[in-house]
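Data block below; observations after.
The values are calculated or read from the model by the stated rules, or taken from the named source; none is laboratory data. Keep in mind that this is a model prediction, so the values were computed, not measured. Cβ coordinates were reconstructed from backbone atoms using ideal geometry, including for glycine residues, and neighbour counts include every protein chain displayed. Calculation scope for accessible area: heavy atoms of the full protein, side chains included, ligands and nucleic acids excluded. Shrake-Rupley method; radii C 1.70, N 1.55, O 1.52, S 1.80 Å.
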Amino acid sequence: MPNTYTNAPRGALVFDMRSLSRQAGSARERKLTVPAPEDLRLELVGVPAGADVELDLRFEAVSEGVLVTGFATAPLAGECARCLAPLASTMTASFTELYLYDDERRRGSREAHDGRRGHDKHDKHDRLNQFDKHDRHDKHDWHDEQSEQDDEERYLDGDLLDLEPAFRDAVVLALPMSPLCRDDCPGLCVECGVPLADAGPGHRHEDAPDPRWAALKQLDGQTTTQPGRRAGAIDLQEG
């Protein structure tokens with residue numbers, strides 16, 4: 001009998017797979033609405049926590065686990081990347097994920113460990129000569145590879161399938177990096193910051209004087225008064 005013991009929380013995205021009986025080819029479909037988990041967002045847009053998310057799922061038993069395919073439709077809330085106005089819309093994310101049976105993980109770890117033991121016996125003489133230099137490094141690499149493999153693969157916890165990690169990855173990857181309130185949003189005025197969609201096509205600003213010319217204008221004003229002063233001085237001398 002398969003091990004059905006589990007420590008997984010029974011959340012809204014945790015599903016019991018006992019109905020599939022681990023028979024390859026058996027399948028079932030589910031349509032349901034669940035509350036959105038927290039932190040489904042990017043900088044400007046995201047799915048509000050607790051919002052209704054519609055799921056259309058198919059669970060199919062295969063020889064090594066359960067294949068999940070489905071769609072998630074969720075509301076979005078955020079601000080426009082051009083004019084910073086609030087926006088609201090919906091998005092749909094699709095996903096396909098294989099969840100391996102938990103005993104596949106134990107079997108894989110056992111086979112890897114047994115294979116390493118056989119390799120260690122075969123190379124025992126060489127390892128005794130170079131233990132400090134190589135063997136510790138090999139063990140470290142093996143554990144790193146095993147950890148990376150575990151991180152890439154998803155497993156059932158007994159008969160329970162926790163869909164939240166796959167669901168979260170699919171939704172966040174589908175979020176727009178630069179959301180827009182509308183496709184032709186003109187953005188903000190670079191001079192005063194008013195939304196150009198509200199200001200209208202006639203929104204203009206007078207050309208402001210370049211501050212670099214201010215000193216030259218001041219100098220020009222001084223030169224225009226110089227001739228009068230000099231003429232007065234000449235008149236005094238002549239008189």
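List of remarks:
- Accessible area per residue (1.4 Å probe, heavy atoms of protein chains only) ranks Cys185, Cys192 as Cys192, Cys185, with the largest value leading.
- Rounded accessible area of Arg82 (nearest 10 Å², 1.4 Å probe): 110 Å²
- Amide H partners (placed H, <5 Å) of Asp157, local residues excluded: Asp162
- Here the spin labels are modelled as points 7 Å beyond Cα on the Cα-Cβ line, and at His205 and Met177 they lie 2.9 nm apart.
- Shape of the stretch 10-97, Cα gyration tensor, a/c cut at 1.5: prolate
- For Val53, nonlocal amide neighbours, meaning residues 5 or more places apart or on other chains whose placed amide H falls under 5 Å from its own, are Val34, Ala36.
- Long-range amide H partners of Met91 with built H, under 5 Å: Ala74, Leu76
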